[in-house]
């Protein structure tokens, strides 16, 4: 029996790696630190760009299906509430130490640890953490989810009243040299458009304004999602928001320049959602040390070769899948997972030859 | 009212003693008490400080900040004037500059920063300084604003204050708007306590001394002094509009006072309230004090002879009534009286 | 500038205070300077004050004296920066942007996100003012567009508050850039084309006069009730008593001391003037004088009338 591949992270990318490895006849152990599989996807109220991609009404329906398939796959083992505490050996003979005091003799390792959304509390000009009606995109998403705290209704956190006016601020924590994050987080424009479109679909009288610098709805089906959002009445104002301030009644005053009209703009909203960009997973540095791999200047794990080996980490036998190399849409995490599974299988075969 | 917490990255290093105090051009002019009070506070705290000379022979010139932002002086001239002041400080064995004015703070900081970005600048300025006045370029160790020192010592001062920022009749903490000078917090945010957005240099004093800060939409809006905008009369509408904007924004919270750390802000937020009353009919009547004036009042120092509240356009007496500080209105315009400071 | 006692005997220094601009222009350089200085340095017998400073500041006499003195000083000075600024006048705007100490570090690249304009108090007050568009003009490196900007009023609307600076996600220094552009506008004489730009002549004598004569940008008597009716009657009362109140509070109006209003010793003033001169500022002040003289002549007014006019225009 071949040594299993140790997959660190049980999000959609990690699950996909395990599923495809299983179909290729390679065993795997999925090590997930939280109590559930699926990563950040189960809380999504909708997926994009089609909102009902593959017939799944929300993120959890999709991850439930993946999990069902994974549990049915005989060659994949899942360990929840477990983290990697150490690693010894080299490719193709690693020994992975786990927090449940066991160890796994693994032929290869796949890092599928995902990302962390940027915490906007440090961008004090937006008032997150100080003003109740300033929330993050993650919080907005959960609020829009019928499974969530308000049954899917948009409400002001200050007083529980219905929120009619929503501002969505793009590029929070991204494209900002000043805070050491010059990169673009790539999918925020798209997920924000999805959220805005959802709100308008449910309440045609709502006022939803997206404050953008660019609209990077770049992938297949995304631009069409953007047009649909506009047709539904979402307003797009080109200008980076410079500050949010709370008014006496708890509403938030948002300031930006409308750069297409060359005029400063100030508007009042019930809720302001900060579309936060990405940061690496919380334990990225520790994991990099444990595994002996490098990270790039943006903090995410670095691949060995940009074009030919985009899934190889900087050490033999260790591979990278999903948002561990930067935020990407679910579909690309799935594509990554499949590609990595193929790459791992081929590498193991070569090593054992 | 919510007050943001200070991210640890923007806590700055504040020197503890041995200060070279650079006086301001405008502060000493329009609110003279404010500036002299800084020296009194330093003395109260037992700090060692000098201003480049005793009564007979002051070598301290202005930093040229106002002229620089008024576009009348070259950056190189400003660098030389600053270098001269640093050389005087060095002569006296002082490596910590504390400025009375926030524009000076930004100017000195800008000069220091410039040497980091421009290779060879230090040699050129050193050469010119020698040619101009026989002095050498010597960098100070710290450049801070005098309000940084008061902030750093706010708890020690809290022990000494005779009065607290509460309405002594009801026990209600007074609501104080903190208006931080733009050149303190915005030009080099990493050199401001709390950074540009949640600047704590004045809010910290309010909290430590029993008051409550006010968070209102235009909290970080400039007072509008604007250098050439306030200096030339036809431009002054801009200044007035900025002051009005702030007053309108803070009014719903009914603040008891505005606290400042900049000479320009102290001047315009106070004095334009009269013009605004004439033009809009609204009497905001919010007393505006600098941190040094507030310290002096809470210490129980004479409001007229030492703090100089008579220089203010919006009467400060109603605030004194709230604080429970006694005053003799007949002494407002007296001169040549002996002064008991402490 | 020698002290000629025979000259002194002819005209009493204080007579100069009552002379018209045309009459002052006829007084030779050294007599003008010597008379001014002898008045300034006169001490009151009963205390340490210099009572003539208040009679001299902001007068046509002081301005005329400054004109001559600064010109002579600039001629005699071989400061590297003075030469640099004099040559810079004739270089293209794009040259300045790459070579001026402030401009060259001010702008790296621009996202055109508008966060600067969003926060700018001037952009909210002046509808045509937009710092983002100014950056666009600078990045265009188009000489004509730049010249147009330098000739416009809009360049002068910035209040130098720096509200833009902590916001810029590309770490540009917009405040410094605008300051640098304003300097260039004056050097090239483009400031004459706008109301706000012409005001620089008033600033030259207000701040420049204070710097040159008192080593302090603002003199306490400048902030008087006549110039500041917006401050109201309470301030007027205070300012009428400014001298005694300042002494009461520990400041030093027109006398030696450490705090506000102090008269500096001659050595300090000399060192300060040298720093100003060696930094090249005199090239600007002379250029401002040249431009003002030209503009005054074109408008058929004396330089003094011109000075008053630009103080009030707009």
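Values in this text are rule-based calculations from the coordinates and carry no lab data. This one's a predicted model, so the numbers in the text were calculated from it and none came from an experiment. Cβ placement follows ideal geometry from the backbone for every residue including glycine, while neighbour counts extend to all protein chains displayed.
A few comments on the model shown:
- To the nearest ten degrees, helix A:188-202 and the longest principal axis of the Cα atoms of chain A are 60 degrees apart.
- Equivalent ellipsoid, the range B:112-190 (semi-axes from 5 times Cα gyration tensor eigenvalues, Å): 43, 15, 10
- Counting only other chain Cβ atoms within 10 Å of each residue's Cβ, the peptide C:251-258 averages 6.
- With the biggest extent put first, the Cα atoms of chain B measure 62, 44, 42 Å across the principal axes.
- Mean Cα-pair separation over length for the range C:91-192, i.e. relative contact order, pairs under 8 Å, 6 or more apart, %: 37 percent
- When the P(r) is computed for the range B:16-146, the part past 22 Å accounts for 34% of the Cα-Cα pairs.
- Considering only the Cα atoms of the range B:60-108, their convex hull presents on average a projected area of 3.2 nm².
- From the alpha carbon centroid of the range A:336-353 to that of the range A:178-205 is 36 Å.
- Rg and Dmax [Cα atoms of the range B:160-327; Å; Rg one decimal, Dmax integer]: 15.4, 46
- Separation of alpha-carbon centers, the range B:188-251 and the range A:116-156, rounded to whole Å: 29 Å
- Here the spin labels are modelled as points 7 Å beyond Cα on the Cα-Cβ line, and at residue B:170 and residue A:34 they lie 4.8 nm apart.
- Take each peptide in A:262-270, B:154-162, count the other Cβ atoms within 10 Å of every residue, and average; sorted highest first, the result is A:262-270, B:154-162.
- Cα-only radius of gyration and Dmax that characterise the range B:10-93, units Å: 14.2, 41
- The peptide list B:293-302, C:33-42, A:150-159, put in order of mean Cβ contacts within 10 Å with the highest first, becomes B:293-302, C:33-42, A:150-159.
- Relative packing of peptides B:270-280, B:35-45 - highest average C-beta neighbours within 10 Å first: B:35-45, B:270-280
- Candidates B:74, B:170, B:64, ranked by Gaussian network fluctuation over chain B, Cα under 10 Å, top entry: B:170
- By the count of neighbouring beta-carbon atoms within 10 Å, fewest first, A:245, A:71 end up ordered A:71, A:245.
- For the protein assembly as shown, the mean residue ellipticity at 222 nm estimated from helices alone is -12500 deg cm²/dmol, where every DSSP H run of n ≥ 4 contributes -39500 (n - 2.57) and the total is divided by all residues, rounded to the nearest 500.
- For chain C, averaging the sequence separation of C-alpha pairs within contact (under 8 Å, six or more residues apart) and dividing by the residue count gives a relative contact order of 21 percent.
- Förster radius 60 Å - calculated FRET efficiency between residue C:15 and residue A:247 (Cβ-Cβ, nearest 0.05): 0.40
- A Stokes-Einstein calculation at 10 °C with viscosity 1.306 mPa s, built on the Kirkwood radius of the protein assembly as shown over Cα pairs, returns a diffusion coefficient of 50 µm²/s.
- Label-point separation, residue A:90 to residue B:48 (7 Å along Cα→Cβ), nm: 6.2 nm
- Full extension of the segment from residue C:22 to residue C:140, taken as 0.36 nm per residue of separation minus the current Cα-Cα distance, would add 37.8 nm.
- Directionally averaged projected area (convex hull, Cα atoms, the range A:118-277), nm²: 9.1 nm²
- On the beta carbon distance between residue C:78 and residue B:118, with R0 = 25 Å, the FRET formula returns roughly 0.65.
- Number of partner chain Cβ atoms within 10 Å, mean per residue of C:75-88: 2
- Cβ-derived FRET efficiency at R0 25 Å, residue C:195 paired with residue A:260, nearest 0.05: 0.25
- Candidates A:70, A:274, A:260: whichever shows maximal mean-square fluctuation once chain A is modelled as a Gaussian network with Cα springs under 10 Å: A:260
- Share of pairwise Cα separations in the range A:74-120, more than 17 Å, in percent: 45 percent
- Projection of the Cα convex hull of the range A:310-353, averaged over all directions and equal to a quarter of that hull's surface, yields 2.9 nm².
- Theoretical gain in end-to-end length, residue A:68 to residue A:268 [0.36 nm per residue, Cα-Cα removed]: 67.4 nm
- On full extension, the segment bounded by residue A:218 and residue A:81 gains 45.7 nm, given 0.36 nm per residue less the C-alpha separation.
- Take each residue in C:277-286, count the other chain C-beta atoms within 10 Å of its C-beta, and the mean is 6.
- Cα-projected label distance for residue C:236 with residue A:353, points at 7 Å along beta-carbon direction, nm: 9.8 nm
- On Cα atoms only, tilt of C:266-278 relative to the major axis of chain C in degrees: 30 degrees
- For the range C:91-192, the fraction of alpha-carbon pairs in successive 5 Å shells from zero, as %: 2, 14, 27, 27, 20, 9, 1
- Inter-centroid distance (Cα atoms) of the range A:11-82 relative to the range C:244-283, Å: 75 Å
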